[in-house]
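Notes for the one structure printed next.
The values are calculated or read from the model by the stated rules, or taken from the named source; none is laboratory data. Note that the structure is a prediction, hence the values are computed from the model and not measured. Note: ideal-geometry Cβ built from the backbone for every residue, glycine included; neighbour counts use all protein chains shown. Side chains are part of the model used for accessible areas, which takes the heavy atoms of the whole protein and leaves out ligands, DNA and RNA. Shrake-Rupley method; radii C 1.70, N 1.55, O 1.52, S 1.80 Å.
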Amino acid sequence: MLGRRLVTAAVGIPVAVVTVWAGGWIMALAAGVVAAVGAWEFYNLSYRAGYTPSWAVGALSAGVLPLAAQAGPQWALAALAVAVLASLVVQLNLSGGRVLAGAVGTAVGTVYVGLFGAHWVLLREMPEGMALTFLVLASTWCADSAAYFVGRWWGRRKLAPAVSPNKTVEGAAGAVVGGLVGAAAAGAYFGLPSGWVVAGGLVCSLAGQLGDLWESALKREAHAKDSGSLLPGHGGVLDRFDGLLFSGVVAYYLFALWTGAL
């Protein structure tokens, strides 16, 4: 399993780096594809948990939102409004009487995967956006890796056994340290202020873990080990990007407030 994880990372990380470096519509398109696939996995888990969302509306909406964000925040807001409206209307034929459950499930998937993913595009478009995007990526990835290895080697106390029995307090503490190290490396490379580095490292390591726990809770309800099988050693797209969805949106608002972009 570890070997497959490393091979996938060896392929995926360079692709992510090049995509972020390019930015613009290239990154928006890549984010849209990832969001659409991730949303499809989310709806598949929702079906397995007994809900009736519209996967076609949700996956399409999630894929469009990063592209709309590249056109401008107002376009992202408009796309989100249309997506939620569509998720309500389509349930009139698909819900089988469970209109509320189906509509909410569709809208949640669109927001969770599509809108959260669109914030990576907004982050990249900020002043110092490329450096900040790499900081968030490095911090979240390092936090995730540190949590995995520290938890395996030294983990004893369960962090949230009702949600994810394998996660430990020691692993969570390792994630914070790893997140700070990743942020420090990116900050040093791009010459970012130390305050941004420390705040970004802490926020990303904590938000990333919350994203991981949320997806674990979703898989637990759906009685699924992974969200999919697209990425060898990691599972599905959501299994790899769950922490990034949370850390990206939180970091965007942190840095947007800090830099006066909002």
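Observations on the structure shown:
- Check on Leu257, open to solvent by 30 Å² or more (accessible area, probe 1.4 Å) and either in contact (Cβ under 8 Å) with a residue 12 or more places away in the chain or not in a loop (DSSP other than H, G, I, E, B) (or both): yes
- Here Pro161 meets each of (1) in contact with a Ser or Thr (Cβ under 9 Å, 6 or more places away or on another chain); (2) open to solvent by 40 Å² or more (accessible area, probe 1.4 Å); (3) not charged (D, E, K, R) with one exception, condition (1).
- Residue within the stretch 153-165 that is within 27 Å of Ser194 (Cβ to Cβ) and out of contact with any Cys (no Cβ under 6 Å at 6 or more places or on another chain) present: no
- Listed by position, the helices (runs of 4 or more DSSP H) contained in the stretch 65-158 that have at least 1 residues being over 18 Å from the mean Cα position of the chain (by Cα) are 73-94, 99-109, 129-154.
- Odd one out for Thr140, checked against (1) touching a helix residue (DSSP H, G or I) at 6+ places or on another chain (Cβ under 7 Å); (2) modelled with pLDDT under 95: (2)
- Test for Ala217: is it farther than 16 Å from Ala138 by Cβ, in contact (Cβ under 8 Å) with a residue 40 or more places away in the chain, surrounded by fewer than 18 Cβ atoms within 10 Å (Cβ to Cβ) and not basic (Lys, Arg): yes
- Complete set of residues in the stretch 13-57 that are among the aromatic types (Phe, Trp, Tyr), under 22 Å from Ala131 (Cβ atoms) and either open to solvent by less than 50 Å² (accessible area, probe 1.4 Å) or not in a helix (DSSP H, G or I) (or both): none
- Some residue of the stretch 169-187 being surrounded by 22 or more Cβ atoms within 10 Å (Cβ to Cβ), outside any helix (DSSP H, G or I) and either in contact with a Ser or Thr (Cβ under 6 Å, 6 or more places away or on another chain) or of a type in the set (S, T, N, Q) (or both): no
Yes/no matrix, rows are residues, columns are (1) touching a Pro at 6+ places or on another chain (Cβ under 8 Å); (2) surrounded by fewer than 19 Cβ atoms within 10 Å (Cβ to Cβ):
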{"residue": "Ala86", "(1), (2)": "no, no"}
{"residue": "Gly102", "(1), (2)": "yes, no"}
{"residue": "His119", "(1), (2)": "no, no"}
{"residue": "Pro127", "(1), (2)": "no, yes"}
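- Search result, residues across the stretch 220-248 that are buried (at least 22 other Cβ atoms within 10 Å of the Cβ) and either within 16 Å of Val136 (Cα to Cα) or among the charged types (D, E, K, R) (or both): Asp239, Arg240, Phe241, Asp242, Gly243, Leu244, Leu245, Phe246, Ser247, Gly248
- Looking only at the stretch 33-63, residues that are touching a residue at least 60 places away in the same chain (Cβ under 8 Å) and of a type in the set (S, T, N, Q) come to 2 in all.
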